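Comments concern the structure below.
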Amino acid sequence: MLPTSPRRLTVVEQLITRSRLPYSLGSLALSLIMGLPGLLLIGLLDTGDITIAAQRVFTPYTNRPAWTGILDPLVNTAIIFYMLLTIRFMRNKLATAETQLGSLTTDGGTSLHWIFHHVSSTRAQLATSLLLFISITLLPQTYPGSTNLTPTSPQAITAALIITAIFYVTVGTFVWVYISTLWGLHRFGKQPLRLKHYQEDRLLGTGAIGSLSLTLAISYYAVIGPVTFESLVLSPDPTGYATLFPLVLLGGIMFFLPQVSLHRQMQTTKEHEERRVRAQLSQLTLQDKQKDSNRMEDLPHQVDRLIQLEMLRLNEKRLQEVPSWPFDKKTLEYFAAIFLSILTALLTRLLLAALNL
C-alpha cells in the first residue's frame with residue numbers, strides 16, 4: 001500500500017472545497033459557522049428569540065465586563081478563520097519545499113513521500129481531534145462566574161454538537177499538520193544527506209529546512225499567540241491555560257527537534273572540512289621550511305605556495321563562519337523570545353490560579 005502524499009488535502013480542506021467556494025471564502029464561511037454567527041444560531045434555536053440569544057452570547061458570564069463578552073466571540077471567529085488559512089499554508093509550504101529537500105537526499109527524493117505521508121493522514125487528524133476533545137472535556141470547568149451558553153433544546157444541542165465537532169477537527173488538523181511536518185523534518189535530518197560544499201552554500205544546503213521549520217513555527221504561534229491573549233484577557237479561565245500550556249510547549253519542542261538532528265550532520269561535515277584544511281596548511285608550512293628561500297629559481301614555486309597558503313587561510317576563516325545550524329543566531333534568538341514570552345505568561349497565570357490569587 002502506497003503512503004499518503006503530503007500534497008493530499010487535509011480533512012478540513014476537503015470539507016471547505018466541497019462548498020465550491022474559493023478556499024479563502026470557504027474558510028470565512030466555516031469560521032462564521034464555528035464563530036459568532038454559529039453561537040447566535042444555537043441561542044436562537046434554544047430560545048426562539050434573537051434578542052435573548054444575542055444577550056446570552058455577548059454576556060456569557062455573570063461577573064465579567066460587557067466589553068469582554070462582545071469582543072471574545074469576535075476574536076474567536078478571527079482566530080478560527082486564520083487557523084483555517086494556516087492549515088492550507090503549512091501543507092502547501094511543505095509541498096513547495098519538496099524539490100529542495102529532495103536535492104539533499106541520496107535517493108533523489110523518493111523517500112520524501114514515506115517521510116511525510118503522515119501529514120495528510122485522515123486517521124491521524126481525527127485521532128488528534130478526539131484526543132484534544134477528551135483532554136479538554138476531562139479538565140475541570142472553572143469559568144469565572146456562571147455561564148448561560150449551555151443549550152437545552154434538542155435542536156440547539158444538535159447544532160452545538162455539529163459545530164463543536166467541526167471546531168475540534170479544525171484544531172486537531174491544525175495541530176497535527178504542524179507537529180507531523182516537523183516530525184518528518186526530524187526524520188529527514190537523521191537520514192544520510194548530501195550536504196553542499198561550504199563554498200557553494202554557507203548553510204551547506206540546509207537553508208530550506210531551516211526556513212520551512214521557522215515559517216511553520218511562526219505560523220503556529222501566530223495562531224497560539226492570539227488564543228493566549230483571548231484566554232488571558234477576554235475569558236480568563238484556568239482550564240484554558242491548562243489546555244494551551246502543553247500546546248505552546250509542544251510547539252517549541254517540535255521546532256527545535258529537527259534542528260538538533262540536522263545540526264549533528266552539519267557539525268560533522270564542518271569538522272571534516274576544518275581538519276582537511278588544517279592538514280593542507282600544515283603540509284604547505286612544512287614544505288616552506290624545507291625549501292631554500294634564497295634560491296631564485298624557486299621563486300615561482302614560492303609564489304605559488306604563498307597563494308595556496310593564503311587561499312587555505314581564507315577557507316579556514318570561511319569555515320569558522322559557517323553555522324552548524326540551518327539558520328543564523330539572530331533568527332534563533334527571535335523565535336526563542338516569542339516562545340518563552342508566551343510560555344511564561346501562561347505559566348504565571350497557571351501558578352496564580354493554583355494559588356487562588
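Please report, for the Cα atoms of segment 29-107, the Rg to one decimal and the Dmax as a whole number; what are they, in angstrom?
For segment 29-107, the Cα radius of gyration and maximum Cα-Cα distance read 20.2, 65 Å.
At what distance in nm do the modelled label points of residue 321 and residue 304 sit from each other, each positioned 7 Å from its Cα along Cα→Cβ?
2.9
Given 25 °C and 0.890 mPa s, how large is the Stokes-Einstein diffusion coefficient of segment 163-256 in µm²/s, with Rh as the Kirkwood radius over Cα pairs? Mind dumping the intermediate values first?
Values: Rh = 15.3 Å.
D, rounded to a whole number, is 160 µm²/s.
Cβ under 13 Å from residue 342's Cβ, residue 342 left aside: what net charge do those residues give with Lys, Arg +1 and Asp, Glu -1?
Numbers: positive: 349; negative: 230.
Computed value for this residue: 0.
With a 10 Å radius around each residue's Cβ, average the other Cβ atoms per peptide and rank 41-47, 66-72, highest first. Present the calculation step by step, with values, prior to reporting the outcome.
Numbers: 41-47: 21.3, 66-72: 15.1.
Highest mean packing first, the order is 41-47, 66-72.
Applying a 10 Å radius around every beta-carbon, put 96-108, 205-217 in order of their mean neighbour count, most first.
Working: 96-108: 15.0, 205-217: 20.6.
Result, highest mean Cβ count within 10 Å first: 205-217, 96-108.
In percent, how large is the relative contact order of segment 160-256, given Cα pairs closer than 8 Å and 6 or more residues apart?
Details: 33 pairs, mean separation 29.0, N = 97.
Rounded, it is 30 percent for segment 160-256.
Please report the relative contact order for segment 43-143, taking Cα pairs under 8 Å with a sequence separation of at least 6, and give it as a percent rounded to a whole number. Numbers along the way, then the final one.
On the way: 35 pairs, mean separation 10.1, N = 101.
About 10 percent, as a whole number.
For residue 333 and residue 14, what is the calculated FRET efficiency with R₀ set at 30 Å and r taken between the beta-carbons, to the nearest 0.05? Show your work: numbers first, answer last.
Details: r = 39 Å, r/R0 = 1.30.
In this case the efficiency is close to 0.15.
Can you give the FRET efficiency to the nearest 0.05 for residue 218 and residue 190, using r as the Cβ-Cβ distance and R₀ = 25 Å? Could the numbers behind the result be given before it?
On the way: r = 24 Å, r/R0 = 0.96.
With a Förster radius of 25 Å, E is 0.55.
Which net charge results when you count Lys and Arg as +1 and Asp and Glu as -1 among the other residues whose beta-carbon is under 12 Å from that of residue 57?
Values: positive: 56; negative: 46, 72.
Net charge around residue 57: -1.
Give me the number: length gained by fully extending residue 158 to residue 55, i.e. 0.36 nm times residue separation minus the C-alpha to C-alpha distance, one decimal in nm.
Values: separation 103, 0.36 × 103 = 37.08 nm, distance 2.10 nm.
Full-extension gain reported as 35.0 nm.
With Cβ to Cβ distances under 14 Å as the rule, what net charge do the other residues near residue 278 carry (K, R +1; D, E -1)?
Working: positive: 270, 275, 276, 313, 317, 318; negative: 271, 273, 274, 316.
Computed value for this residue: +2.
Could you give the length gained by full extension between residue 92 and residue 111, i.e. 0.36 nm per residue of separation minus their alpha carbon distance, to one decimal place? Kindly include the intermediate steps, with their values, before the conclusion.
Working: separation 19, 0.36 × 19 = 6.84 nm, distance 1.84 nm.
Extra length available between residue 92 and residue 111 comes to 5.0 nm.
Throughout, read-outs are computed from the coordinates displayed, never taken from laboratory work. If you're wondering where the values come from, they're calculated on a predicted model, not measured in any experiment. All Cβ positions, glycine included, derive from the backbone under ideal geometry; neighbour counts span all protein chains shown.
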